[in-house]
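The values are calculated or read from the model by the stated rules, or taken from the named source; none is laboratory data. The model shown is predicted, which means the values in this text are computed figures rather than measured ones. No Cβ is skipped: glycine too gets one built from the backbone with ideal geometry, and neighbour counts run over all protein chains shown. Surface areas here come from the heavy atoms of the whole protein model, side chains and all, with no ligands, DNA or RNA. Shrake-Rupley method; radii C 1.70, N 1.55, O 1.52, S 1.80 Å.
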Amino acid sequence: MVELAGIGPAPFAAMLLADLGADVIRVDRPGEPALPVPLPPEADLLRRGRPSVGLDLKHPEGLATALALVERADVLLEGYRPGVAERLGLGPDDCLARNPRLVYGRMTGWGQDGPLAQAAGHDIGYVALTGALHAIGRAGGPPQVPVNLVGDFGGGALYLVVGVLAALLESRTSGCGQVVDAAIVDGTAHLSSLVVGLVSAGLWSDRRGTNLLDTGAPFYDVYETSDGGWLAVGPLEPAFYAELLRLLDLTDSAPDRLDPGEWPALRALLADTFRTRTRDEWAALLEGTDACVAPVLSYAEAPAHPHLAARGTYVEHHGVVQPAPAPRFSRTPAALGTPPSTPAADTRSALGAWGIDDVDALIATGAAIQP
């Protein structure tokens, strides 16, 4: 796979495919825009698992080298604004002419067409336009930004990966490649299918924080504990809710949860109860039971949780704690490969491994860059 370097969801998609065993070569251009927040190289996890080569795509020999890589690839990923790859000479027509079986994956926020296709944007705007941002938050409060997990990585990168894998599978029977247009607005809307269905059925209110799964229900919410920690409480099913009340010794005093008019009183009762102990004291009592309660952990705390530690959900790799590859396979397990590489660090070795001749000559002319 050839990755034309960018930031955000496209590198995450390339990282995920590399984690799962793809042979990815990342093409970094001189003068590429830096990350919004500078990272030390070892912590730039979205670059892990694949080498970086430096190519000047505006140099004729640099472009020719990139096209030579395309000829050898099954997949190309790019995350430029629409039209940029075409102007560089690496658009779908250029690449598919060289490699008709190529799956050409395109990652954008707004998509390849439409009135906003050429506009700049970020996750917060994409999720705003789809309705997803409006739905997140407490009653009477503003929409709450869900980091950039819903748009960039959920509705964006993961849909790009799904599309690329589906197109690869189809190409095995047809012998033909195709373009995968993965837009964050499309993927985020698709992620919202359950809620959109509830809205259509009149079972979800546009008033945020008043519904079953958005903190409207007191039995699906977070509660503060005596030490300033938080618990995630979510016993939706009657049997699980009954178990929560039993463990809290509230079976005979809790208001009827089926009556929304009683929800303020039930919320106050639960809040008062959970404020009587620390987060970890409650976790010791409730975690692992059918009460569906979990402590709210920070990213610093999560790797040490016994369940995640037992599964190896987080691992230390080259001195950096990071998420392990997911999902898991019984016969061909994924494994972390090389640590994140700095731009162009692997030009000579990676181009040579992909069968590119005269790499030193390319470096000498400036078509390829090797720090």
### Task
Would you mind checking which residues have amide H under 5 Å from Val180's amide H? H placed 1.01 Å from N; only 5 or more apart, or other chain.
Tyr104, Gly105, Arg106
### Query
Which of Gly177, Gly288, Gly229 moves the most in a Gaussian network model of the chain with Cα springs under 10 Å?
Gly288
### Task
Working from the alpha-carbon coordinates of the chain, get Rg over Rh, Rh being the Kirkwood radius.
1.05
### Message
What does the charge count around Pro40 come to, taking other residues whose C-beta lies under 15 Å from its C-beta (Lys +1, Arg +1, Asp -1, Glu -1)?
### Response
0
### Task
Taking just the C-alpha trace of segment 1-96, give me its Rg and Dmax in Å.
13.0, 37
### Query
Taking all protein chains as present, what is the carbon and sulfur share of the accessible area of segment 147-300, in % to the nearest whole number, probe 1.4 Å?
60 percent
### Query
If you take the charge dipole of segment 272-368 about its Cα centre, with +1 on Lys and Arg Cβ and -1 on Asp and Glu Cβ, which of Leu351, His317, Phe274 is farthest toward its positive end?
Phe274
### Task
Could you list the residues of segment 91-125 with an amide nitrogen less than 15 Å from a label point located 7 Å from the Cα of Val145 in the Cα-to-C-beta direction?
121-125
### Message
Taking the Cα centroid of segment 233-302 and of segment 106-146, what is the distance between the two, rounded to the nearest whole Å?
### Response
33 Å
### Query
Helix 60-72 versus the longest principal axis of the chain: what angle, 0 to 90°, nearest 10, using Cα atoms?
60 degrees
### Query
GNM on the chain, C-alpha springs below 10 Å: top fluctuator among Leu129, Leu76, Leu90?
Leu129
### Task
Kindly provide the helix-only [θ] at 222 nm of the chain, computed as the sum of -39,500 (n - 2.57) over DSSP H runs of four or more divided by all residues, to the nearest 500 deg cm²/dmol?
-10000 deg cm²/dmol
## Note on the structure
Projected area averaged over all directions for the convex hull of the alpha carbon atoms of segment 214-371, nm², comes out at 15.2 nm²
#### Entry: Cα-projected label distance for Thr332 with Phe240, points at 7 Å along beta-carbon direction, nm
3.4 nm
### Query
segment 14-54 to segment 153-230: how many Å between their Cα centroids?
26 Å
### Task
Return the distance in nm (one decimal) between the two label points of a simple spin-label model at Val320 and Asp358, each offset 7 Å from Cα along Cα→Cβ.
3.6 nm
#### Entry: Gaussian network model of the chain, springs between alpha carbon atoms under 10 Å - residue of Gly91, Gly197, Gly54 with greatest fluctuation
Gly197
### Task
Mind pulling the angle between the C-alpha long axis of helix 9-19 and the longest principal axis of the chain? Nearest 10 degrees, somewhere in 0 to 90.
80 degrees
